[in-house]
Amino acid sequence: MILVTGGRGFIGAHTVRALLDLGERCVLGQRAAGPPPALVSEREVRDGRAVVERMDCTDLGSVLAVGRRHRVTGIVHLAAAGMGASAPLDELSANAAGLFTVLRAAREWGAGRVVVASTIGVYAGVADPALREDAPLPVASPHPIPAGKKIAEVTADVAASSGLDVVAARIGAIWGPLGRPSSPFFAAPRLVHAAARHAAADGGASTSPAGEARATGEGGASDEAPPCYAGDAVDMCYARDCGRALALLQTTATLRHRTYNVGGGRAVANQEVAAAIGRAVPGAAPALLPGRSPGAPAVDARLDISRLREDTGYAAEYDLDRAVADYVGWLRAGNPR
């Protein structure tokens, strides 16, 4: 069975779905108890193809106990401390401890491969807009998340040099079913949520999607979302495609590298997202501010995903139009995320 830590979470749930579709059986490791995610069917749970196990990645005994109940043949490590839930040093400490625990468990179990989640954020400061895995990375980081992921990548590389099969996946901006309604890093999630609310309006007057987006929050310090500029762009990957990419990195027999980018392969502008929303939900295209936001880079970065394509055969199944339509349909079906 493949252990997916954080398997009930956003990217974890899509990774589990993709692994199940590839014929694998999965253990969904999660610190908090709860039901399997909506992407997993009741039949898959009854048949033992998807098993939820409560575990704390910072507690070696908790993780090893899962291995006594299941024969774990591979691990996709996605569990992480909640963003901003604790002080930066505490967050870094918890995430580093979790990774060391998972790697120790993998060694004890003789697990075939460990895929470790990293982030596009590790490239901050790299001048080339085509972000390739062999680019030298600056030591400094502008945020605790990429700082922690750099620690994870160095640790993973040491583990790989010691004989474990460990691969780091540098993941871009992921959006889609089960994701946060609003992201501090890019506009697409809140724009789609606003469009879904517009589509659900029963013929009455509706707040404009742009206005609704500004009122959508995630319970942080402020519910006021930043304005959306038409020209701002980011490398986006739909969640279903991201899950499949991670599943392929786990299951492909031979990989030639230790680090792989997981993203869309191009920067997608907000105006493209708005146009796709207008095609999916007529009348719901959001109004955007013209141009680019203050401080936006002169050239938008994109993840080069050549390694991923060449080594795993990965190809995205969701272009922007299909992704927006799928996400709106998911939300209109009554799913809150």
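The values are calculated or read from the model by the stated rules, or taken from the named source; none is laboratory data. Fair warning: this is a prediction, and the values are worked out from it, not measured in the lab. Note: ideal-geometry Cβ built from the backbone for every residue, glycine included; neighbour counts use all protein chains shown. To get the accessible areas, we keep the full protein, side chains included, count just its heavy atoms, and leave off ligands, DNA and RNA. Shrake-Rupley method; radii C 1.70, N 1.55, O 1.52, S 1.80 Å.
With contacts taken as Cα pairs under 8 Å and at least 6 residues apart, region 117-167 reaches a relative contact order of 36 percent. The fraction of accessible area contributed by carbon and sulfur in region 146-196 is 60 percent, rounded to a whole number (1.4 Å probe; ligands and nucleic acids excluded).
For the chain, the longest principal axis of the C-alpha atoms and the axis of helix 270-280 are separated by about 80°. Taking log10 I(q)/I(0) by the Debye sum over Cα atoms at q = 0.08, 0.10 Å⁻¹ as calculated from this structure, the corresponding entry among (1) -0.44, -0.65; (2) -0.68, -0.83; (3) -0.37, -0.59 is (3).
With a probe of 1.4 Å, find how much accessible area the chain has per residue, and write the answer as a whole number in Å².
Numbers: 15100 Å² over 337 residues.
For the chain, the per-residue accessible area is 45 Å².
Divide by every residue of the chain the summed helix terms, -39500 (n - 2.57) for each DSSP H run of at least 4, and state the resulting mean residue ellipticity at 222 nm, rounded to the nearest 500 deg cm²/dmol. Spell out each step's value before the answer.
Numbers: 11 runs with 130 residues, N = 337.
The per-residue figure over the chain is -12000 deg cm²/dmol.
With contacts taken as Cα pairs under 8 Å at a separation of at least 6 residues, the chain carries a relative contact order of 17 percent.
Using every Cα-Cα pair within region 1-92, state what percent have a distance larger than 19 Å. Present the calculation step by step, with values, prior to reporting the outcome.
Numbers: 1513 of 4186 pairs.
Across region 1-92, Cα pairs with separations above 19 Å total 36 percent.
Once you order the gyration tensor axes a ≥ b ≥ c over the Cα atoms, which shape class does region 237-337 get: rounded for a/c under 1.5, otherwise prolate or oblate by comparing a/b with b/c?
Numbers: a/c = 2.98, a/b = 1.45, b/c = 2.06.
Judged from the Cα gyration tensor, region 237-337 comes out oblate (a/c at least 1.5, b/c at or above a/b).
Would you mind calculating the gained length between ALA275 and LEU60 on full extension (0.36 nm times residue separation, minus the Cα-Cα distance), in nm to one decimal? Write down the numbers at each step before the final one.
Values: separation 215, 0.36 × 215 = 77.40 nm, distance 4.85 nm.
Using 0.36 nm per residue and subtracting the Cα-Cα distance, I get 72.5 nm.
Placing pseudo-labels 7 Å out from each Cα toward the beta carbon at ASP157 and ARG332 gives an inter-label distance of 4.8 nm.
For region 84-145, what is the convex hull volume of its Cα atoms per residue in Å³?
Details: hull volume 7.2 nm³, N = 62.
Taking the convex hull of the Cα positions in region 84-145, it is 115 Å³ per residue.
Simple spin-label estimate for GLU317 and ASP165 gives 2.4 nm between the two label positions (7 Å along the Cα-to-Cβ direction from each Cα).
Using 0.36 nm per residue, how much length does the chain from ASP90 to HIS143 gain when fully extended, once their Cα-Cα distance is taken away?
The span from ASP90 to HIS143 would gain 17.7 nm if fully extended.
Each peptide in 283-292, 185-194 was scored by the mean count of other Cβ atoms within 10 Å over its residues; highest first, the order is 185-194, 283-292. Among LEU308, LEU22, LEU131, which one moves the most in a GNM of the chain with springs linking Cα atoms closer than 10 Å? Of the options given, LEU22 has the highest mean-square fluctuation.
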